[in-house]
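The values are calculated or read from the model by the stated rules, or taken from the named source; none is laboratory data. Source: prediction; values computed, not measured. Every residue, glycine among them, receives a Cβ derived from its backbone with ideal geometry; neighbour counts consider all protein chains shown.
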Amino acid sequence: MDAPGYRFFTASPDTLLPVAADAQRWAKSVWAPGEMLTWVVAGDPRWTSRLIDGPDEIIPFVAQALAAWAEIETADIRWKVSGVDTSLDDAETGDGRPTIFVDPEAERGSYARIVADWIAGEWVITDCDVPLSPFAAASLDSDIWWTYVLIHEFGHCLGLDHAGTFPRVDEGRDLHLRGAFGIDPLMSYGNYYGDLVSLAPDDRLGSSLLRPAARWRDSTGAVAGVVTIGDDPAAFVQVFAIPVSGGIAGGAVGSFTNEEGEFVLEGLDPGRYVLWTGPLNTLHAHGHLLAASPPPVIDATDQALLLPVTVTSGAVMDGTRIGAHRSRPERLANP
Amino acid sequence: MGAWRRAGRVQATRAPGAPVIGLLVCLGLAGCGGDGSTTVPAPPPPPAVTVAFEPGPLDVREGETAEIRVAYQVHTLDAPWTLTVSTLPVTASAADFELSGATIDIPAGQGVSGESSFELAALADSQFDEGPETGALRFVPGGGVNARLGADLQVSIQDGGVAPCPALNIVATRPERGEPANIYIHRTFTLQVMEGGQGPVMEFVAPYRKVFPDLIGDLPNSNTNLAINIEAWELTTAAQHVEHAVDIQMRNDTFRDLELAFHAAECDAAGVVCTTEECSMRTAN
């Protein structure tokens, strides 16, 4: 398959949006399939807050964020936090020891500092550290938001880029948004104030494609096709698959089209899905796509295919053609 | 004690020692004549004809026609007699249904019974969120005959929806308060789609609204995103079609018209629109 799938970091400089087979993964010499990856917390005295008095007390929060990914049954993600390394004030870049530390110069609350090396003709991940700004470190115990942020950054360390957000009326942090699409992926810049340890189906799917559990992929199928606007490809638009096999929808998964408007949705459980397309909903989460050539189509309307597609295990349901329409109000107009 | 009755009069004799039953009977028959006699009002004459609708109520879908049967029994008619049927709109309007052939001719005769029938057409319209609409049918007798007429026939007209594409039919519910009620309203759209080919695409033409995330570097500082929630989506499968029940929710403080367009061969590009008042199919200019 040449079309892109989920949002992974690419192992090849020639591909902006790789399929799972071409995604950037951890070097086997550092974190091979089936092995354990061990994190440490830097022994920084800045780990203080109203209730936290030292790095030992943030271990439970780190463990909880790592466990959110480790508990995915369809993925092979074995990692843990071993404790505090008092010899470290912060992380050493590229030492192959993933570290959580306080970065007083961090402009944002947190980020994933991924180190990739060019080995045997592809980029592979050899280290990943997660710094927290002082105000984030001081808020871990009092605002659950920062645990969500840790989970998000650990997802980047797995090799996941930003997912797309689902179409909905944004009501802010305080209302619990689900509906047919389910909660937004934690790897998106959306609303994900749901069950802390239950990632969205889209998060679980992406991480499972990166590090699949044994024989999981044998049971899945895929849908592939192309989105066009008139005779032109609809570049970098979102395609969602809403599962409806059980009659009631719940928990969509998503992908993007490439420059040619082609898409593939991999790792789908067998069953029926309603396909939905639309442009990026959170533009600021996809800066690298906005800078691509051709640029993404952002003024198309959202739409749904009214005949569901059927996915069977071990097969790719190819040939879906979706015609989009440029009817959305100007995305870049001043308010 | 003995008693006998003659037409129009009751007489009772009183045996020595017998209770005053006869006198009580006399009083019970609404008084007695000064001479001890009584009158009993004659029973009403039987109706010359009895007419009734076949048992209802009647349920009919917009765009369809139902046959309505009427049964009659003639006791005695010296000459043929005619009655008609009128419509009584309740929540339906007079424009929602019409009758044809609703004149019932009863033949003259004695001891005759029979049936007649006419048609009720439930008229289709461009609205598709009306829900069941009700009315009734009532007999309108011609004069000069003592007739017993049956009760009104209750009629319920089911919204037949609209078909912006040949393979697609849509019905919607009336708007209801969502959850929380002070923020949302919602409707459920039922879309029936015939299997075959790729099927139509449902485009959300409106509403969209601006969303302002934090400005990061040179990235655009505003999106316009689809301003609805898909609260629920259910799919059921029948022999040759699938049916979607899609619950669409919007904010009621910034309510905008919901506009949907459908794309496939032979689809009406004008689509449908739902305001706060109604959902209707647009007509192409």
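The table that follows gives values for the structure above.
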| item | result |
| --- | --- |
| Selection status of A:ARG178, within 14 Å of chain B (Cβ to nearest Cβ), crowded, with 20+ Cβ neighbours inside 10 Å, modelled with pLDDT under 90 and in a loop (DSSP other than H, G, I, E, B) | no |
| Those residues of the range A:22-38 which are closer than 18 Å to A:TRP118 by Cβ and exposed (fewer than 14 other Cβ atoms within 10 Å of the Cβ), in sequence order | A:LYS28, A:SER29 |
| Selection status of B:PHE204, outside any loop (DSSP other than H, G, I, E, B), closer than 24 Å to A:SER327 by Cβ, modelled with pLDDT of 85 or more and facing another protein chain (nearest Cβ under 8 Å) | yes |
| Among (1) crowded, with 23+ Cβ neighbours inside 10 Å; (2) at pLDDT below 90, the one test that A:GLY287 misses | (1) |
| Close pairs from the range A:268-297: first within 24 Å of B:GLU234 (Cα to Cα) and facing another protein chain (nearest Cβ under 10 Å), partner surrounded by 20 or more Cβ atoms within 10 Å (Cβ to Cβ) and among the charged types (D, E, K, R), Cβ under 6 Å, at least 6 apart | A:GLY278/A:ASP302 |
| Filter result (of a type in the set (A, V, I, L, M, F, W, C) and either under 15 Å from B:ALA264 (Cα atoms) or part of a strand (DSSP E or B) (or both)) within the range B:180-201 | B:ILE185, B:PHE189, B:LEU191, B:VAL193, B:MET194, B:VAL201 |
| Leading residue by the ranking (nearest to B:ALA147 (Cα to Cα)) among those in the range B:82-99 that are small (Gly, Ala, Ser) and in contact with a Leu (Cβ under 8 Å, 6 or more places away or on another chain) | B:SER86 |
| Only listed residue being out of contact with any Cys (no Cβ under 8 Å at 6 or more places or on another chain), within 9 Å of chain B (Cβ to nearest Cβ), at pLDDT below 95 and closer than 30 Å to A:SER245 by Cα, chosen from A:PRO329, A:PRO308, A:PRO335 | A:PRO308 |
| Residue that is facing chain B (nearest Cβ under 9 Å) and either among the acidic types (Asp, Glu) or closer than 22 Å to A:GLY206 by Cβ (or both), where the choices are A:ASP231, A:ASP302 | A:ASP302 |
| Some residue of the range B:230-252 being modelled with pLDDT under 90, surrounded by 18 or more Cβ atoms within 10 Å (Cβ to Cβ) and part of a loop (DSSP other than H, G, I, E, B) | no |
| Which listed residue, of A:TRP146, A:TRP69, A:TRP123, is assigned to a helix (DSSP H, G or I) and under 23 Å from A:GLY34 (Cβ atoms) | A:TRP69 |
| Count of residues meeting criterion [away from chain A (no Cβ under 14 Å) and either part of a strand (DSSP E or B) or of a type in the set (Gly, Ala, Ser) (or both)] in the range B:166-179 | 4 |
| Any chance A:THR220 is more than 11 Å from chain B (Cβ to nearest Cβ), under 20 Å from the mean Cα position of the chain (by Cα), β-branched (Val, Ile, Thr) and within 24 Å of B:PRO200 (Cβ to Cβ) | no |
| Qualifying residues in the range B:146-168 (those that are buried (at least 18 other Cβ atoms within 10 Å of the Cβ), of a type outside the set (D, E, K, R) and over 11 Å from B:PHE262 (Cβ atoms)) - the one modelled with the lowest pLDDT | B:GLY160 |
